[in-house]
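Below: one structure, written as structure tokens.
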Amino acid sequence: MYSLRPAKPSDITAILPLANEQGARHASLPKTTQSLRSFIQTSEDSFRTPKGLTAQSGNYFWVLTDQDQVVGTIAIEAFTGQKEPFYSYRRETLINASYRLKVKQSIPVLYQSHELAGYSQLHSITLASEHRNPRAIAFLIQGILLFIAEHASYFSDRLLFEFPGFKDERGESPLWNDLGQHFFQMSLKEACYHASIEDKALIAQLMPNQPLYENLLSNTTQSTLGEPQQDLADYYQAFISEGFRPSSHIDIFDGGPCLTCFTSSLWTKQESARTRLTGLPENHTDTIAMNTSKEHPLILLLPQHQPDFIQPLNLTSKEWIRWVTLNTEGMSEHHQGEGVL
Amino acid sequence: MYSLRPAKPSDITAILPLANEQGARHASLPKTTQSLRSFIQTSEDSFRTPKGLTAQSGNYFWVLTDQDQVVGTIAIEAFTGQKEPFYSYRRETLINASYRLKVKQSIPVLYQSHELAGYSQLHSITLASEHRNPRAIAFLIQGILLFIAEHASYFSDRLLFEFPGFKDERGESPLWNDLGQHFFQMSLKEACYHASIEDKALIAQLMPNQPLYENLLSNTTQSTLGEPQQDLADYYQAFISEGFRPSSHIDIFDGGPCLTCFTSSLWTKQESARTRLTGLPENHTDTIAMNTSKEHPLILLLPQHQPDFIQPLNLTSKEWIRWVTLNTEGMSEHHQGEGVL
Amino acid sequence: MIVRPIQTSDLDALYALAQSVGVGMNSLPADKAYLAKKIDRAVQSFNLSLPKEQASYLFVLADDQDRALGVCGIEASIGWDEPWYTYRISQMVHACQDINIYSNTPTLFLTNDQIGYSELCSLLLHPDARGRKNGPLLSRARFMFIRQFRELFARKIFAEMRGFNDEQGQSPFWDNLGRKFFNMEFDRIDFLTGRGQRSVIAELMPKYPVYSHLLSESARACFGKVHPNTQPALEMLKQEGLRFENYIAIFDGGPVMEAYIDDLRLIKDSIVFTAEALITDNADEQPPILLSNQSLEDFRTTLSFQYRIEGNSIQLPAQVLDALNLQDNQVTVASLYARDQSQLFTMTG
Amino acid sequence: MIVRPIQTSDLDALYALAQSVGVGMNSLPADKAYLAKKIDRAVQSFNLSLPKEQASYLFVLADDQDRALGVCGIEASIGWDEPWYTYRISQMVHACQDINIYSNTPTLFLTNDQIGYSELCSLLLHPDARGRKNGPLLSRARFMFIRQFRELFARKIFAEMRGFNDEQGQSPFWDNLGRKFFNMEFDRIDFLTGRGQRSVIAELMPKYPVYSHLLSESARACFGKVHPNTQPALEMLKQEGLRFENYIAIFDGGPVMEAYIDDLRLIKDSIVFTAEALITDNADEQPPILLSNQSLEDFRTTLSFQYRIEGNSIQLPAQVLDALNLQDNQVTVASLYARDQSQLFTMTG
């Protein structure tokens, strides 16, 4: 049975291989024991933040477990851009027109932007390869959104996920090869790594500051800007089902779409219900259930007709729980081939 | 009794003084007999556009009459930015940060933008001074929105109104004095005039193209960018009541707020009803009623308990009408001092 | 051969000259009305009846029958009626010392920095007149004129050189940059700029800086590169002291060559002598020298291969003196080539 | 008085010199460890053991007891370890011919255009040593060194001059531009730039072009304007051939003076003579000349007011010859001032 709970220091050994998996990007997930320890410390402090105290810097780090084995991770940064600017490219179209020459042409431009500050950002999503199936993917994302729905006052009214961008047949990002590579003189992966472990001064120093004309980028880049990485369709669908949509912003490194959504319009928020423990209706479909504790949350995926979930939720009778139906609509029925996020 | 109907060539004499009133801006309203004639011609063509033919360049010009006297005007351009780029400044905030120097500062920037293309734009609003009261103002704006609600397929799903910007005690625009004046070497009024009669090449040639740091503008300008002109509160309220909100765009000349709204969320759209002529309930409050003709529309403001409106609406029994309550909420109760839009 | 101010009567000859070249000579299109206007402006300029911002001096190379076989010009001060655009190549360094990363990206910035400069332009020599140093005479005669009437010109002078394009007339620079902003063939751009639509087109060029590494290698190779046919003209300008200062033409990337006028070799080092008749007309040929009279409206520049210098006077063959049409026996002298200059100096002692 | 390469033993004297000036001399802060490093780098540079990108040549003015009373320096090639920023003032014209409107707005563009240039820097003269042409000797000695070892330097050289600030040390340029992007007092900026934080600060400066008309009049007046105390140094550089080419310092707007090294007066016009002893040591004083030996590590430059030139040799007083410590009797000579140059030439004749 899948469950989600706050990461603990004792999870580090299990997290390390997930964080360091070949091909993975998730720049914000620490890769070493020491940095993971520090991240978990921050996370534990965040879960403990008492009600009423608006912790603008909370960062909540979760593990997905299956039969008590850690098989995935996910995290929420409560508010982006607090300590350092949050970088993205904003796409806009300028019009190049001359009445005399009878010319009118659209010129798309990328502007360096810090506009995606103040969002709650999902990040550091990993999943062990044998669990890359619609149920686990949907549960991972929906579960965390259920937590946000329940504890909305700790989070922004807007949510963000930087979805990985299009990759060519060699697994490389055309935008990075056109642009970032030239200024950073390193691979996309190295750049993501540096941008995550060092302060964002690196980006301020190395990224070009001037507006960029898209029509000067390579044709491949132009046609794939803002497109999601191709082998992550189920993840993408999970966000779309929740109401996330590509914004006019893209990732500065790989051109991936910045998916955004109002917290209030999340599918999981709108479809979920709060109920007394005794009042949960019998589930005829997979159901996500969560206790309402901020400090010690536990989120379970209850298979159909699951009879008893009081024990794992660690509740006494008549306490509140929040629950929602698992939504795998639009996801692939066959579970192979989902790539590394 | 106020009514709104398409402008006719015979209205020109009555429109001229409204268009040329001292202090008025409404750049898009022609100021001469000849140009008015051409505008009315375009408008009549637009009203005649048959269903199914999406006329992306429609421009509908209306007159407000009181007892058959023309006392005001309003117009709708069906889609902005069709023939020429639509210019605005987009406001965005960059973050200037150095970890080493312990510095973090917000730097607001103005970008020349053509993003407000494809909106339906209200414009050319005038009102004779003795009619600048909440009822007339609300009717003028609501009446036209009722028409848009009824004939939505001819218009964009997004609406725009460029509200005049803040003016200082001499009636001058601080943004214009800081910026436009330097490049155009003329008054704001002259610039608006040129920009309306000539093609937009003027703006392309004279306006600065580079992003502008707001913090380099004068203090007055910085503190009033995006603020509406002060003596137009009732007009502003009329738009706000309908659901219009300031966007992140401002007028390039006077820094006035670009008010935008989704057509679907217009108060008038949501509150209006369609009914058979015989079925209109007795009105206990001022009511706007409109026939549903695209080519020969007529919009009436029916005072409370108005018994008979069949005659002016030019309908036979059992035809459809659309009606909505007049909404003057939040407008001043005393009608003095409303400025020239 | 002499170089003299253009006259109204030169119109037919100028038209013939313009016809003799193809595309790419965009300041002298084969358009008679347009050329007539140009001549008219030049005539008014030599009369000093135009303000500096409008003055344009055109000269012709004339043979013994006073037939115009070449033309060259100087704009006194450009960029006033309409903006004159160039791209400046600036360096943009991005560096992070912590991880030892350093990149330098030449970047194109659209500027109007040449405003108020004088411009060398419209150089055109009829194929029949090539050889016997007619080309060098024609192109350098302008510097002699500037030397004489320095106050008519600006502090700096420049020449925008024709950029590289291939055998098919395609400009890689245009194809990779300008064309992406409005899809027009290069030869049409060339045509329009010759018809005074230069600034209309320039207004469509990208206003934000362009990082050069986003352009193709072939486009970048055009930065400051001249058309092969223009190479000799480029060499001439370099010898005379003009330099490439990182400005390029916005359409084809050709170099903008510039200098402070007072730094130009021919301005600095030309010397005024008293002219005298050369006694032995069959003296040896020497390195050619440039000679000008002191007149504005009847300005003349010619070459001499025979001369003798003694103190402040120079002896010249009769036909040279004749060609110069001196009013006062004062003649301005400079060696034709920079490499011969020291020789002239040592002769003067 | 001679000018010679700095030595490790000059540290105390250099520290005393740095202490003798206040704020505004940010390349030589009174910080002993920092200065020791600078000296070490200079010593290594004179040993030719550093690549050009790191080489920095420091010289001292030394009296008869070899006490250092002044210092001056040349960076061989700047901008490699960290970016060197300047603002370029470019012209931005906006015009509409139809309605006859024309505006020209000087606009500041952040660039790194000086990358790879040589830089004149760190000029500092002890108050006790002023007079008797010591200042002109110290500042110009660098050009004599460059003349001798031309290959150690770049194609272009520049000097960033201290910009205007008022009696209270306030810079109107900083207050109106930089400060709006991060609120820091100018003297703190000055301090940080002297401690190698220059590029960290520069990274916070505005990256988009700045239309100058948006700045206050007092800020615009600072474009290319030097501090009154720096006026003499500016005049000196102008005389030697450096020019203001529309680059200004990003912090205070002071002018960046630049030139092609080969165009500098002292490079072009200095002459190598064979040195001989001056017979009559009590000869009349003449306009002073600069003299250098041909050695790199034992480079010496000094002045002489007495000399006699005959053909390819120059006669000099015994103590001058002594000061130059010649190895091979070859001495490089130039007049101290540009205005005296022709005199020197005619003497050589």
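The values are calculated or read from the model by the stated rules, or taken from the named source; none is laboratory data. Predicted model, so just to flag it, every value in this text is computed and none were measured. Cβ coordinates were reconstructed from backbone atoms using ideal geometry, including for glycine residues, and neighbour counts include every protein chain displayed.
Worth pointing out:
- Selected residue (criterion: nearest to the other protein chains (Cβ to nearest Cβ)) from residues of region D:223-252 that are free of Cβ contacts under 8 Å to residues at least 40 places away in the same chain and acidic (Asp, Glu): D:GLU245
- Test result for A:LEU145, surrounded by 23 or more Cβ atoms within 10 Å (Cβ to Cβ), in contact with a Pro (Cβ under 9 Å, 6 or more places away or on another chain) and assigned to a helix (DSSP H, G or I): no
- Test: residue in region B:228-239 that is in a helix (DSSP H, G or I), touching a Cys at 6+ places or on another chain (Cβ under 9 Å) and either within 14 Å of chain C (Cβ to nearest Cβ) or aliphatic (A, V, I, L, M) (or both): no
- Condition check for B:LEU140: within 14 Å of chain A (Cβ to nearest Cβ) and either in contact (Cβ under 8 Å) with a residue 60 or more places away in the chain or among the acidic types (Asp, Glu) (or both): no
- Yes/no for C:ALA18 being under 28 Å from C:LEU326 (Cβ atoms) and either in a helix (DSSP H, G or I) or of a type in the set (Val, Ile, Thr) (or both): no
- Tally, over region B:29-49, of residues that are surrounded by 20 or more Cβ atoms within 10 Å (Cβ to Cβ) and assigned to a loop (DSSP other than H, G, I, E, B): 2
- Selection over region B:240-257 of residues that are in contact with a Pro (Cβ under 7 Å, 6 or more places away or on another chain) and either part of a helix (DSSP H, G or I) or among the hydrophobic types (A, V, I, L, M, F, W, C) (or both) gives a count of 1.
Quick grid of which residues meet (1) touching a Phe, Trp or Tyr at 6+ places or on another chain (Cβ under 9 Å); (2) aromatic (Phe, Trp, Tyr); (3) at negative phi; (4) at pLDDT below 95:
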{"residue": "D:LYS238", "(1), (2), (3), (4)": "yes, no, yes, no"}
{"residue": "D:GLY241", "(1), (2), (3), (4)": "yes, no, no, no"}
{"residue": "D:ASP252", "(1), (2), (3), (4)": "yes, no, yes, yes"}
{"residue": "D:GLU258", "(1), (2), (3), (4)": "yes, no, yes, no"}
{"residue": "D:LYS268", "(1), (2), (3), (4)": "no, no, yes, yes"}
{"residue": "D:ILE271", "(1), (2), (3), (4)": "yes, no, yes, yes"}
{"residue": "D:ALA277", "(1), (2), (3), (4)": "no, no, yes, yes"}
{"residue": "D:GLN286", "(1), (2), (3), (4)": "yes, no, yes, yes"}
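- Checked against (1) at pLDDT below 95; (2) in contact with a His (Cβ under 9 Å, 6 or more places away or on another chain); (3) not β-branched (Val, Ile, Thr), A:GLU169 passes all but a single condition, namely (2).
- Odd one out for B:LEU116 among (1) more than 24 Å from B:LYS294 (Cβ to Cβ); (2) more than 9 Å from chain A (Cβ to nearest Cβ); (3) more than 15 Å from the chain's Cα centre (by Cα); (4) part of a loop (DSSP other than H, G, I, E, B): (3)
- Restricted to strands (runs of 3 or more DSSP E) entirely inside region D:241-349, those with at least 2 residues that are within 30 Å of D:ILE189 (Cα to Cα) are D:243-248, D:255-260.
- Considering region D:325-348, and only residues there that are free of Cβ contacts under 8 Å to residues at least 60 places away in the same chain and among the hydrophobic types (A, V, I, L, M, F, W, C), the residue that is farthest from D:ALA275 (Cα to Cα) turns out to be D:MET347.
- Pairs are defined by a Cβ separation below 6 Å, a sequence spacing of at least 6 or placement on different chains, a first member in region A:174-197 that is at the interface with another protein chain (Cβ under 10 Å from one of its Cβ atoms), and a second member that is in a helix (DSSP H, G or I) and among the polar types (S, T, N, Q); the pairs so defined are A:ASP178/A:THR221.
Listed here are the residues, each with its yes/no results for (1) surrounded by fewer than 18 Cβ atoms within 10 Å (Cβ to Cβ); (2) under 23 Å from D:PRO5 (Cα atoms); (3) in contact with a helix residue (DSSP H, G or I) (Cβ under 8 Å, 6 or more places away or on another chain); (4) of a type in the set (A, V, I, L, M).
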site	(1), (2), (3), (4)
D:ILE279	yes, no, no, yes
D:GLN286	yes, no, no, no
D:LEU321	no, yes, no, yes
D:ASP328	yes, yes, no, no
D:THR332	no, yes, yes, no
D:LEU336	no, yes, yes, yes
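The rows are residues; the columns are (1) on the phi < 0 side of the Ramachandran plot; (2) under 24 Å from the mean Cα position of the chain (by Cα); (3) assigned by TED's automatic domain parsing to the domain that holds C:LEU290; (4) assigned to a loop (DSSP other than H, G, I, E, B).
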| site | (1), (2), (3), (4) |
| --- | --- |
| C:GLN168 | yes, no, no, yes |
| C:ASP175 | yes, no, no, no |
| C:ASP190 | yes, yes, no, no |
| C:THR193 | yes, yes, no, no |
| C:GLY196 | no, yes, no, yes |
| C:SER199 | yes, yes, no, no |
| C:TYR208 | yes, no, no, yes |
| C:PHE223 | yes, yes, no, yes |
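- Number of residues in region D:183-202 that are among the aromatic types (Phe, Trp, Tyr) and surrounded by fewer than 19 Cβ atoms within 10 Å (Cβ to Cβ) equals 1.
- Residue that is farthest from the other protein chains (Cβ to nearest Cβ), among those in region D:111-128 that are at pLDDT below 90 and over 18 Å from the mean Cα position of the chain (by Cα): D:ASP128
- Some residue of region A:51-58 being buried (at least 18 other Cβ atoms within 10 Å of the Cβ) and either of a type outside the set (S, T, N, Q) or within 14 Å of another protein chain (Cβ to nearest Cβ) (or both): yes
- Residues of region B:232-275 that are polar (S, T, N, Q) and either surrounded by fewer than 23 Cβ atoms within 10 Å (Cβ to Cβ) or under 30 Å from B:ASP168 (Cα atoms) (or both): B:GLN237, B:SER241, B:SER247, B:SER248, B:THR260, B:THR263, B:SER264, B:SER265, B:GLN270, B:SER272, B:THR275.
- Any hit, region A:193-203, residues being at pLDDT 90 or above and under 23 Å from B:VAL109 (Cβ atoms): no
- Every residue from region A:84-108 that is surrounded by 18 or more Cβ atoms within 10 Å (Cβ to Cβ), within 7 Å of another protein chain (Cβ to nearest Cβ) and touching a Phe, Trp or Tyr at 6+ places or on another chain (Cβ under 7 Å): A:GLU92, A:ASN96, A:ILE107
- Scan of region C:294-314 for residues that are more than 21 Å from the chain's Cα centre (by Cα) and crowded, with 21+ Cβ neighbours inside 10 Å, ordered by number: C:SER304, C:TYR307, C:ILE314
- Among the residues listed as C:LEU61, C:LEU108, the single one being within 14 Å of chain D (Cβ to nearest Cβ), buried (at least 23 other Cβ atoms within 10 Å of the Cβ) and either without any contact (Cβ under 8 Å) to a residue 40 or more places away in the chain or in a strand (DSSP E or B) (or both): C:LEU108
- A count restricted to region C:175-222 and to residues that are at the interface with another protein chain (Cβ under 8 Å from one of its Cβ atoms) and among the small types (Gly, Ala, Ser) stands at 1.
- Residue ID - surrounded by the fewest Cβ atoms within 10 Å (Cβ to Cβ), chosen from residues in region D:64-105 that are more than 14 Å from every other protein chain (Cβ to nearest Cβ) and either without any contact (Cβ under 8 Å) to a residue 12 or more places away in the chain or over 30 Å from D:ALA154 (Cα atoms) (or both): D:GLN65
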